[in-house]
Structure formats: C-alpha cells, structure tokens
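This report concerns only the one structure given below.
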Amino acid sequence: MTAPNKPTIIPVKTHKVKLLEVNQETTNVRSFRFSYPHGFDYKPGQFIMINLDVIQDGISKFIKRSYSLSSAPMQEKHIETIVKLMGAGSKRLFEHMKGDELEIAGPYGMFTFQEEVSNEVHGRKLNHIVLLAAGSGITAPLSIARYILDSSLALKVSFIFSNKTSHDIIARKELEKMTAEHDNFSLYLTVTRPEEDPDWHGLTGRVDEKLIKAAVHDVSDALFYLCGPAEFVDHCAKLLSSLGVDTKQIKTEKYE
C-alpha cells in the first residue's frame with residue numbers, strides 16, 4: 001500500500017514494535033505484522049507512521065511513511081499493514097526481517113468505521129456497508145471488513161475490489177473465505193486487463209454502473225467507503241453521484 005494523502009498530522013505517542021511476520025501477497029506487495037503496542041487504540045480504517053532509516057544522496061537519515069492498518073482492533077496479538085513496493089520508504093521496509101524493531105506513531109486518519117456513528121446518515125441507520133478498493137487500496141477496507149465480520153455486526157457488507165489482473169489480487173484467499181463463511185458478506189472481484197490474464201473467468205473492466213447496481217440494490221441504504229489511487233476514487237465518487245448517492249454516504253481515501 002502506498003501512502004495516503006493526509007491533512008496536517010497532530011503529534012501522537014510513538015511506540016516500539018517488533019516485526020513478527022512478513023508475507024508475500026503479490027509480486028510487489030507484502031504484509032507486515034508487528035507486535036501490538038502497549039496502550040495502542042485504533043479504529044478500523046486508520047493508519048500509522050513508520051520511522052525508517054534510509055540513505056539518500058549518501059546521507060543517512062530517518063524518513064516517516066504512512067501506512068494504513070489492515071488488521072482489526074480486536075486482533076490484539078498484532079497490528080498489520082499491507083505495503084506495495086514503491087519509493088525509498090517501502091524499499092527500506094522490505095529490507096527489514098522478522099525480529100527487527102521499528103518505531104511507529106499513531107493512529108491517525110478519519111477514514112474510519114465506528115459502529116455508533118458510521119452507519120447513520122440524516123439521522124437514520126444504514127444497513128449496508130459497501131467497500132470499493134483498487135490494488136493496494138484494499139488495506140483500510142480490509143480492516144473494516146474484518147472488524148464488522150469478527151464483531152458479528154448485523155450489517156450487510158459488499159466488497160468491490162478492482163485489480164489489473166487476478167495475480168494482483170491481495171488477500172484473495174481470505175476474501176473468498178469470508179464469502180464462504182458469512183452470509184452477510186458479498187465479494188465482487190474485477191480485473192481491468194483481462195487480455196493479460198487468460199485464465200481469469202470472472203468480472204472484467206472498471207467499476208461501472210452495472211457492477212454497482214449488482215452489488216447494491218438500494219443505494220439509499222448504503223454507506224460507501226472508497227479507497228485507492230485518486231483516479232479510481234474520483235471515478236467511483238462521480239459514478240455514485242450519478243446514481244443519486246448523497247455525498248454524506250461516501251467516505252474517501254486517496255493514495256499517491
């Protein structure tokens with residue numbers, strides 16, 4: 001996952017964490033699990049800052065990079081983020097090994113799911129959470145999906161996930177397992193470059209009106225979370241607006 005565009009960040013307590021596990025998700029994406037920091041309290045959809053030591057122009061220095069959490073708050077044995085390899089920060093993080101200690105700060109961010117407020121618009125409860133993600137933008141929506149399902153909340157969840165090819169689908173096995181184990185969870189995977197993926201027999205093309213209508217029968221009863229590259233988020237927001245979705249029903253997180 002690349003760094004989200006963020007407003008001014010208010011200083012938050014830093015924590016030392018140990019890298020517990022690294023998993024290769026796709027050719028250029030890895031998930032990183034860290035020990036759960038003492039006193040750390042976050043909401044689904046928030047992000048952390050990781051302090052990374054790098055060498056730039058022959059000079060050793062520290063840089064901070066923001067990465068959304070993919071873990072859910074009740075997973076208190078660890079916190080997890082999913083990172084796409086791009087730039088000095090992710091390159092340095094990819095060099096770290098199991099057992100290494102890093103410094104993080106956070107949590108930050110307003111792209112959150114809060115049961116008591118996130119499913120209410122215009123004073124009424126919304127019963128359908130729709131998560132739209134592209135590529136490594138899955139990270140925060142995955143945290144939200146994990147939280148809702150692990151908490152057994154009485155909400156319907158539809159996850160629309162767009163990727164270039166099926167080989168780029170992060171956490172595919174887990175998403176398919178969610179579909180098999182939870183009646184209130186529906187998954188819609190689509191690839192935008194099917195010509196490069198002859199073995200793919202699922203949905204193809206960009207997220208469009210047809211796909212939205214297939215996933216959401218009543219847009220007035222849904223709260224939409226859009227996460228991914230700016231072009232994807234803007235496209236989906238415009239599409240939802242054309243379908244009559246109120247802007248208060250749309251939460252967005254754009255990545256560089």
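The values are calculated or read from the model by the stated rules, or taken from the named source; none is laboratory data. Owing to the predicted nature of the structure, the values given are computational and were not obtained by experimental measurement. No Cβ is skipped: glycine too gets one built from the backbone with ideal geometry, and neighbour counts run over all protein chains shown.
Taken over the stretch 216-239, the residue count meeting the criterion of being more than 21 Å from PRO44 (Cβ to Cβ) and either among the β-branched types (Val, Ile, Thr) or crowded, with 21+ Cβ neighbours inside 10 Å (or both) is 1. One residue alone among ALA133, ALA105 is in a strand (DSSP E or B), at pLDDT 90 or above and more than 26 Å from PRO37 (Cα to Cα), and that residue is ALA133.
Looking at GLU25, GLU21, just one residue is under 16 Å from GLU101 (Cα atoms), within 21 Å of the chain's Cα centre (by Cα) and assigned to a strand (DSSP E or B), and that residue is GLU21. All of GLU76, GLU115 fail the test of being closer than 22 Å to HIS38 by Cβ, acidic (Asp, Glu) and either touching a Pro at 6+ places or on another chain (Cβ under 6 Å) or in a loop (DSSP other than H, G, I, E, B) (or both), apart from GLU76.
Check the stretch 199-208 and report whether any residue there is surrounded by 12 or more Cβ atoms within 10 Å (Cβ to Cβ), modelled with pLDDT of 95 or more and in a strand (DSSP E or B). Yes - at least one qualifying residue is present in the stretch 199-208. Taking the conditions exactly as written (closer than 18 Å to ALA215 by Cα, surrounded by 24 or more Cβ atoms within 10 Å (Cβ to Cβ) and either small (Gly, Ala, Ser) or not assigned by TED's automatic domain parsing to the domain that holds VAL219 (or both)), does ALA140 satisfy them or not? It is false that ALA140 is closer than 18 Å to ALA215 by Cα, surrounded by 24 or more Cβ atoms within 10 Å (Cβ to Cβ) and either small (Gly, Ala, Ser) or not assigned by TED's automatic domain parsing to the domain that holds VAL219 (or both).
Among the residues of the stretch 38-61, those that are modelled with pLDDT of 90 or more and either outside any loop (DSSP other than H, G, I, E, B) or of a type in the set (Val, Ile, Thr) (or both) comprise PHE47, ILE48, MET49, ILE50, ASN51, LEU52, ASP53.
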